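This report refers to the structure that appears directly beneath it.
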Amino acid sequence: MKADRAMGRTIPMTVHNLPEVVFDFSEAPQPGAAVGKTEMPVRLLPALAFDLDSGGGVAILQLTLSLRSDSTREEVAMDLFRLYAAINRLELSHGGSGLTPNDAVFDAKAAGGELQISFTPTERSSAPERLARLVRAINQVTGDHSDSAVLAYRSIETCAARVVQSAA
């Protein structure tokens, strides 16, 4: 099948200007006297004051994970998903509305690799207090190596949590 070469090409041709068309509305009926003079009640609303630059940052939960060197990518992916689900449930149990994952940074120089991930709370009111409770709970569980919760994630060797402030 051959493409039609004439289609899609611009071909210079002469320009034909059309004659001027004049519209005369002077003979149209005039609108009634009440047009434009309708009264509507006006209700003044109170002024809203808000500060777009609150000066404070947003509290973010940051986890630093040490990965086992013998872990496969699939194990790491599944463990990260399970860890996110567990931490999100924990945040919900503390009265929050859940966590949104942010960027992740991987440091291959650390033994086995070190992964740093952060989560932003969906509900920002009282977030620093809720996140501080999460950090205590996470660090307490991961500090106690006899707890089976830490061993539930085969690819994660250690997990350290902290709260950091981000620009708003």
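The numbers here are math on the coordinates, done by the rules we state, and not lab data. Because the structure is predicted, anything quoted here is derived from the model rather than measured. Cβ coordinates were reconstructed from backbone atoms using ideal geometry, including for glycine residues, and neighbour counts include every protein chain displayed.
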Pair L18, M40: separation of 7 Å Cα→Cβ label points (nm): 3.7
Nitroxide proxy distance, nm - points 7 Å out along Cα→Cβ at A85 and D107: 3.0
Trypsin sites (Lys or Arg not before Pro) lying in DSSP loop within segment 67-122, provided at most 16 other Cβ fall within 10 Å: K109
Assigned charges on the beta-carbon of Lys, Arg, Asp, Glu; segment 58-166 dipole about Cα centre (debye): 240
Length released on extending from T72 to R124, taking residue separation times 0.36 nm less the Cα-Cα span: 15.2 nm
